[in-house]
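Visitor: This is the structure I have questions about; it appears just below.
Computed from the coordinates by the stated procedures, all read-outs in this text should not be read as laboratory data. Keep in mind that what you see is a predicted model, and the values were worked out from it rather than measured. Cβ sites come from the backbone with ideal geometry, for glycine too, and all protein chains shown count toward neighbours.
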Amino acid sequence: MSTTRGEFRAVSGVADLKHPEPPRPDSRFRIASVTKTFVATTLLQLAGEGRVSLDDTVNRWLPGVLKENVDKITVRYLLQHRSGLFNYTEADWPATPEEYERTKYVYEQPEALIKIANDHPSRFEPGSRSQYSNTDFIVLGMILEKVTGRPWGDSVRDRIIRPLHLTGTTDPGADATMPDPHATGYSQFAEHGPLVDTTISASNYADGALLSTTQDVNTFFRALLGGRLLPPAIQRQLLTDLVDFDYEGDKAYRAGYGIFRHPLPCGGYRWEHLGGTLGYQTLAATTQDGKRSVVVSRSSDNWDNWAQINEQVMHIADQALCG
């Protein structure tokens with residue numbers, strides 16, 4: 001866990017069950033869907049430069065890629081999870097340790113992930129509501145590459161990672177291993193089942209590939225909400241163009257452009273993104289002015305007490321942001 005300002009970093013537990021030493025505060029981990037906030041910010045920068053419009057349709061940049069609603073789904077809808085596209089991870093996620101072992105080195109191309117979504121009907125009419133879909137950011141990654149003519153990770157690196165000196169943040173591409181230092185990631189595939197080492201895992205694409213550290217993610221979120229990454233007009237849209245979003249029954253959420261807003265118990269809002277993948281769970285959050293931020297990373301998915309752990313994580317975040 002890392003919080004700022006007046007930086008405070010804390011660790012708990014062990015980095016590896018076989019070698020019980022505490023994790024290092026500078027450990028790398030898979031930030032999973034927190035990657036989406038990096039990708040969204042890069043696209044918003046391009047929108048501010050006039051190179052892409054939030055109202056451009058998918059068909060404008062990727063003709064023939066989607067099967068349905070190609071002239072209705074816009075960049076804005078994708079950023080706010082209002083596309084209606086089927087979430088490909090619902091059909092493409094290892095459910096057993098054996099499936100994990102078979103697929104842990106498999107790097108799937110974005111076209112293959114889009115095909116999974118295309119093989120399922122749309123969940124709702126584009127723009128009518130918001131429902132989380134990793135497929136949205138597969139499409140956005142492909143649009144980003146079409147606009148710039150470069151791999152999505154290169155644009156994120158040159159526009160965000162390098163300017164902010166995020167030295168622990170990388171796009172691993174097809175490399176399924178984890179650089180040192182890192183905590184071992186563990187997954188529990190069934191309730192009351194054993195914890196399985198799932199550290200090695202191909203991260204795939206723009207919906208969740210990045211590796212980072214708590215300090216780097218904190219730096220990025222403070223810069224974004226502090227107005228240092230987007231032009232003023234786009235920053236205003238980031239903070240105001242929000243739609244209703246129901247997260248596991250919590251209807252206090254609002255969805256923005258690659259970021260979510262939730263009320264704080266002390267007043268104001270927690271601007272955040274969650275990340276979850278095999279072995280690694282992340283919450284990154286900041287106040288609206290970017291002056292207080294917190295990142296909580298845990299290196300296990302333990303289904304036996306999942307709800308309790310999530311409640312504790314949100315409590316830690318609220319305490320850190322409320323001071």
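Visitor: Using a cut-off of under 17 Å, list every residue of segment 17-60 whose amide N is near the label point 7 Å from the Cα of Ala233 along the Cα-to-beta-carbon line.
Guide: 43-56
Visitor: Something else: Local charge sum around Gly256 (other residues, Cβ-Cβ under 12 Å, Lys/Arg +1, Asp/Glu -1)?
Guide: Cβ neighbours under 12 Å give a net charge of +3.
Visitor: Relative to 2.2 N^0.38 Å, what does the C-alpha radius of gyration of the chain come to as a ratio? Two decimals please.
Guide: Rounded to two decimals, the normalised Rg is 0.94.
Visitor: In whole angstrom, note down how far apart the Cα centers of segment 300-323 and segment 127-162 are.
Guide: If we compute the Cα centre of each part, the gap is 28 Å.
Visitor: Based on other C-beta atoms within 10 Å, arrange Phe86, Phe137 from fewest to most.
Guide: Exposure proxy ranking, most exposed first: Phe86, Phe137.
Visitor: Multiplying the sequence separation of Asn302 and Arg129 by 0.36 nm and subtracting their Cα-Cα distance, what value in nm do you get?
Guide: Working: separation 173, 0.36 × 173 = 62.28 nm, distance 3.10 nm.
Stretched out fully, the Asn302 to Arg129 stretch lengthens by 59.2 nm.
Visitor: Now for a different question. Tally Lys and Arg at +1 and Asp and Glu at -1 over the other residues with C-beta under 13 Å from the C-beta of Ile309: what net charge comes out? All intermediate terms of the calculation are to be shown ahead of the outcome.
Guide: Values: positive: Arg298; negative: Asp301, Asp304, Glu311.
Neighbour charge sum, excluding Ile309 itself: -2.
Visitor: Relative contact order for the chain: what percent, with Cα pairs under 8 Å and sequence separation of 6 or more?
Guide: This gives 25 percent for the chain.
Visitor: Note the per residue figure in Å³ for the convex hull of the C-alpha positions in segment 251-314.
Guide: 99
Visitor: For the pairs Lys146/Lys291; Lys36/Lys67; Lys72/Lys291; Lys146/Lys251, note any where the Cα-Cα span goes beyond 28 Å. List each step's numbers first, then the result.
Guide: On the way: Lys146/Lys291 35 Å; Lys36/Lys67 23 Å; Lys72/Lys291 38 Å; Lys146/Lys251 35 Å.
As for pairs spanning more than 28 Å Cα to Cα, those are Lys146/Lys291; Lys72/Lys291; Lys146/Lys251.
Visitor: Would you list, by chain and number, the lysines whose Cα falls below 25 Å from the Cα of Lys18, excluding same-chain residues fewer than 8 positions away?
Guide: Lys104
Visitor: For a footprinting-style exposure proxy, rank Tyr269, Tyr257, Tyr107 by other Cβ within 10 Å, fewest first. Could you put the intermediate results ahead of the total?
Guide: Working: Tyr269 19, Tyr257 24, Tyr107 15.
Fewest-to-most Cβ neighbours within 10 Å comes out as Tyr107, Tyr269, Tyr257.
Visitor: A further question on this structure: Taking K and R as +1 and D and E as -1, what net charge do the other residues with C-beta under 14 Å from the C-beta of Val14 add up to?
Guide: Residues close to Val14 contribute a combined charge of 0.
Visitor: Based solely on C-alpha atoms, express the radius of gyration and the Dmax of segment 48-126 in angstrom.
Guide: Every Cα atom of segment 48-126 included, Rg and Dmax give 15.0, 47 Å.
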